[in-house]
Amino acid sequence: MAHSGAAVRNVVVTGGGTGIGRAVSLRFAEDGHRVTIVGRRREVLHAAVEEIRAERGLDITPVVCDLADPDDVEAALSQLPDRVDVLVNNAGSRELAVGTGPHGVLARWRGDFERNVLTAVLLTESLRDRFTTDNGRVVTVTSGAALRGG
């Protein structure tokens with residue numbers, strides 16, 4: 001349950017089905033907040049939610065969405081809370097495009113940019129009007145690869 005005196009917040013966590021995103025989602029849910037996890041892999045999201053419900057008795061809402069696809073983001077908006085107190089941009093992945101020379105490098109860099117930067121930008125901008133004005137927060141998680149490359 002939420003800490004005494006703490007208001008229940010609507011929390012959206014991208015990449016919430018695994019790793020850091022799942023741990024963040026679990027922590028918010030344990031503290032009594034309403035949590036929605038967003039990710040592109042339906043099986044991963046639903047397995048995480050089922051496991052958390054069975055083991056902890058906590059309710060987390062899954063929303064399947066490829067955050068690199070503007071049409072998918074737009075379609076998912078109806079499934080996200082009307083008011084967002086906390087958005088945790090955690091989704092990201094490596095681009096596995098193959099190829100040699102400048103074209104291969106370009107494909108990998110573009111893919112990494114789309115999967116690790118634009119995913120956060122598209123969702124954050126799409127939710128802009130839903131953020132609470134008093135204590136709303138946007139937290140963006142990144143990788144050490146941002147400093148040293150893939």
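The values are calculated or read from the model by the stated rules, or taken from the named source; none is laboratory data. The structure presented is a predicted model; accordingly, all values stated were derived computationally and were not measured. Because the Cβ atoms are built from the backbone with ideal geometry, glycine has one as well, and the counts that use them run over all protein chains shown. Note: areas computed on protein heavy atoms with side chains; ligands, DNA, RNA excluded. Shrake-Rupley method; radii C 1.70, N 1.55, O 1.52, S 1.80 Å.
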Open item on the list: Looking at GLY101 and the list (1) more than 25 Å from ARG27 (Cβ to Cβ); (2) surrounded by 13 or more Cβ atoms within 10 Å (Cβ to Cβ), which single condition is not satisfied?
Closed with: (2)
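Filter the range 3-15 for residues that are open to solvent by less than 30 Å² (accessible area, probe 1.4 Å) and either at pLDDT below 90 or part of a strand (DSSP E or B) (or both) and give the result. Show your work before the answer.
From the range 3-15, those open to solvent by less than 30 Å² (accessible area, probe 1.4 Å) are 10-15; that's our starting set.
Listed by number, the residues that qualify are ASN10, VAL11, VAL12, VAL13, THR14.
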TODO: Could you grab the pairs with beta carbons closer than 6 Å, sequence gap of 6+ or different chains, first residue in the range 42-68 and closer than 23 Å to GLY111 by Cα, second one part of a helix (DSSP H, G or I) and acidic (Asp, Glu)?
DONE: CYS65/ASP72; ASP66/ASP72; ALA68/GLU114
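Report yes if GLU114 is within 22 Å of ILE20 (Cα to Cα), assigned to a helix (DSSP H, G or I) and not hydrophobic (A, V, I, L, M, F, W, C), otherwise no. Outline the logic, then answer.
Values: within 22 Å of ILE20 (Cα to Cα): yes; assigned to a helix (DSSP H, G or I): yes; not hydrophobic (A, V, I, L, M, F, W, C): yes.
Criteria met by GLU114.
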- [ ] State yes or no: is THR142 surrounded by 12 or more Cβ atoms within 10 Å (Cβ to Cβ), modelled with pLDDT under 85 and closer than 24 Å to PHE28 by Cβ?
- [x] yes
Task: Filter result for the condition that a residue is under 23 Å from PHE113 (Cα atoms), over 12 Å from the mean Cα position of the chain (by Cα) and open to solvent by less than 40 Å² (accessible area, probe 1.4 Å), over LEU77, LEU58 - done: LEU77
- [ ] Please specify each residue of the range 25-55 satisfying the condition of being within 16 Å of VAL11 (Cβ to Cβ), open to solvent by 40 Å² or more (accessible area, probe 1.4 Å) and of a type in the set (Val, Ile, Thr).
- [x] none
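Which is more than 19 Å from ARG9 (Cα to Cα) and touching a helix residue (DSSP H, G or I) at 6+ places or on another chain (Cβ under 8 Å), of GLY104, GLY92, GLY111? Walk me through it before giving the result.
Numbers: GLY104 fails: touching a helix residue (DSSP H, G or I) at 6+ places or on another chain (Cβ under 8 Å); GLY111 fails: touching a helix residue (DSSP H, G or I) at 6+ places or on another chain (Cβ under 8 Å).
Every option except GLY92 fails the conditions.
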Task: Residues of the range 47-62 classified as in a helix (DSSP H, G or I) and either touching a strand residue (DSSP E or B) at 6+ places or on another chain (Cβ under 6 Å) or among the charged types (D, E, K, R) (or both), total - done: 7
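Of ALA120, ALA76, ALA68, which residue is under 28 Å from GLU50 (Cβ atoms), in a loop (DSSP other than H, G, I, E, B) and aliphatic (A, V, I, L, M)? Walk me through how you get there before you give the answer.
Working: ALA120 fails: in a loop (DSSP other than H, G, I, E, B); ALA76 fails: in a loop (DSSP other than H, G, I, E, B).
ALA68 is the lone residue from the list that is under 28 Å from GLU50 (Cβ atoms), in a loop (DSSP other than H, G, I, E, B) and aliphatic (A, V, I, L, M).
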